[in-house]
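As C-alpha cells, the structure follows; a few thoughts come after it.
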Amino acid sequence: MDSFPVGKNVGDKKMRSFIAIDIEDNLKSKIVDIQNNIGSKYLKIKFVEPENLHFTLKFLGEIEEKNIEDIYKILQKNLENYKPFEIDLKGLGAFPSFSYIRVLWIGIQDDTNSLINIADGLNMDLRKLGFKKEKKLIPHLTIGRVKFVKDKEKISQILKELQNVKIGKMVVDRILIKKSVLTPKGPIYSDLKEVRL
C-alpha cells in the first residue's frame, strides 16, 4: 500500500489511517451470528471484532498528522453533491476463492453506485497529495482473515450454506477518516474526521 509522502521534519507524528464507512449496530449482531456459524473448528481464522466492522473506501497508510486536514478537505469536496444512500449487505464470499480462502467477506450491494463513484473520485483527487490510484473498488465487508483450513470439505459445506445469507440494509449518511493503532490483540480504530452527506 502507498503511504503519504514523508515530510522533512523528523518530529512529524505519523499515523496509520483510512477512509471508511461504519456498519450500523443492528447489523453487527447478525454478522457476529454468521461468524459464530462459521466458527473456528474447521479453519484457523481471525474474525473482525464487532466494534471494528467497517467498509474501507480508501486505505491511506502511514500519514503525517499535519496532513489530515488536506485529506479532510478533499473528502468534503468529493461528498458535497452526495445525499444519504442505501446499501444492502448480503452474500458470503472469499478472496481469492472458496477453494483457496484467505479472506471471508459479506457482499455490499449499492444500486446507486455511490460507493464506487466516491472511491473513484477520492482516488483521482488524492493523487494530488501523492497517493497512487488503486484498482477499481469491489464493495465488500471483511469479516475474517484465514490462517489455514483444517478441514476443507467441512468448511466448504458451511460456506456454501451461507453463500446467499442476507444481513440487511443500512443508510450511509456519513463517511469517516479513521486512525488505526496496531496492537498484539488486534487493531484499535478511532475517528479523526467525519463528513455527513
Single residue of the stretch 70-117 satisfying the filter (among the β-branched types (Val, Ile, Thr) and in a strand (DSSP E or B)) that is surrounded by the most Cβ atoms within 10 Å (Cβ to Cβ):
Ile106
Is it true that Asp120 is under 18 Å from the mean Cα position of the chain (by Cα), assigned to a strand (DSSP E or B) and without any contact (Cβ under 8 Å) to a residue 60 or more places away in the chain?
no
Kindly establish whether Arg174 is under 23 Å from Glu69 (Cα atoms) and exposed (fewer than 12 other Cβ atoms within 10 Å of the Cβ).
no
Does Ile87 count as within 15 Å of Leu115 (Cβ to Cβ), aliphatic (A, V, I, L, M) and in contact (Cβ under 8 Å) with a residue 12 or more places away in the chain?
yes
Residue count, the stretch 45-75 (criterion: farther than 18 Å from Leu122 by Cβ and among the polar types (S, T, N, Q))
1
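Tell me the residue from Lys46, Lys58 that is touching a residue at least 12 places away in the same chain (Cβ under 8 Å), within 21 Å of Ala119 (Cα to Cα) and either in contact with a strand residue (DSSP E or B) (Cβ under 7 Å, 6 or more places away or on another chain) or not small (Gly, Ala, Ser) (or both), please.
Lys58
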(1) surrounded by 13 or more Cβ atoms within 10 Å (Cβ to Cβ); (2) assigned to a strand (DSSP E or B) all hold for Asn67 apart from (2)
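Bear in mind that the values in this text are calculations on the coordinates, not laboratory data. These numbers were taken from a predicted model, which means no experiment stands behind them. Reconstructed Cβ throughout: ideal geometry from the backbone, glycine too, with neighbour counts over all protein chains shown.
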